[in-house]
Amino acid sequence: MHNPFDLSGKAAVVTGANTGIGQAIALALAAAGADLACVGRTPADDTVEAARRMGRKAVIIAADLSTIEPVQRIVDETLAAFGRLDILVNNAGIIRRADAVDFSEADWDAVIDTNLKSAFFLCQAAARHMIAQSQGKIINIASMLTFQGGIRVPSYTASKSGIGGLTKLLANEWAGKGINVNAIAPGYIATNNTAALQADEARNKAIVDRIPAGRWGEPGDLGGAAVFLASDAARYVQGHILAVDGGWLAR
Ligand code: NDP
């Protein structure tokens, strides 16, 4: 019987695949059968080696997504490596913290450009190819701050609510062209990005006490959602933002 979660023969682009959530998603896609183009500033050597040990093809594409300059090259290099591009995961992201009243233009632009602008233009570059082949899956990494306001992270909240709206718009425009556009909204996941929060005993306790599952998420907790949204099993799922948050939003 056909396994609807099988990604054998598919080629996936994952941004920020060297660490954290991006690495875990990349390896989950590889475990399900996909070949990997690992995009980022820091070479994803460990991710590539692990994927190759699984018998997948995997390449590194060096790119700084603080500008949209590399987006077309990412698509071109993926097609050169694998002859196809089936799955795009827009995961690369940064955060800057300051009170809204003091927030700088530099911290606004850095976060919006990386988290939102590059993500959109990479969707666009990938979709031009996916529309031509009449199939493709795009997964954008959102956040709890796609749904909530947060505090002291104005550009991050704007970028992640923007990702939510954009995911729905792109699903509206491209669902009829064979592309599924969806998002995953991680809750509190233990990565480098959240190391300072984990290290702060009082804040860490307040966070864990509020999570119904009673613990931080691990990057690997995102893998199943990514494989699902990248697979034929999700062929009628469009514009959805799938929270993987240990129940945070349910509270
Ligand atoms: P990490 O800081 O561990 O990883 C971020 C990734 O993004 C790294 O691979 C990093 O590469 C890459 N990246 C950042 N800036 C750029 C850039 N200019 N060009 C290319 N790559 C870049 O964070 P997480 O794994 O925690 O976060 C991954 C995604 O998940 C982000 O979009 C984040 O907003 C989102 N998220 C995370 C949550 C959490 O609790 N951890 C919660 C909700 C959402 P490099 O190592 O080279 O900097």
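Can you tell me which residues in segment 56-88 are touching an Asp or Glu at 6+ places or on another chain (Cβ under 9 Å) and of a type in the set (A, V, I, L, M)?
Scanning segment 56-88 gives 58, 59, 60, 61, 63, 65, 68, 81.
Hand me the list of strands (runs of 3 or more DSSP E) wholly inside segment 1-116 holding 2 or more residues that are without any contact (Cβ under 8 Å) to a residue 40 or more places away in the chain.
Because the criterion is at least 2 residues that are without any contact (Cβ under 8 Å) to a residue 40 or more places away in the chain, the strands (runs of 3 or more DSSP E) in segment 1-116 that meet it are 35-40, 58-62.
Looking only at segment 170-199, how many residues end up being more than 12 Å from the ligand (Cβ to nearest atom) and in contact (Cβ under 8 Å) with a residue 40 or more places away in the chain?
Looking only at that region, the number is 11.
Rule-based calculations on the coordinates, nothing more; no lab input. Bear in mind that the values here come from a model prediction, so they are computed numbers and not experimental data. Please note: Cβ atoms are built from the backbone with ideal geometry, for glycine as well, and neighbour counts cover all protein chains shown.
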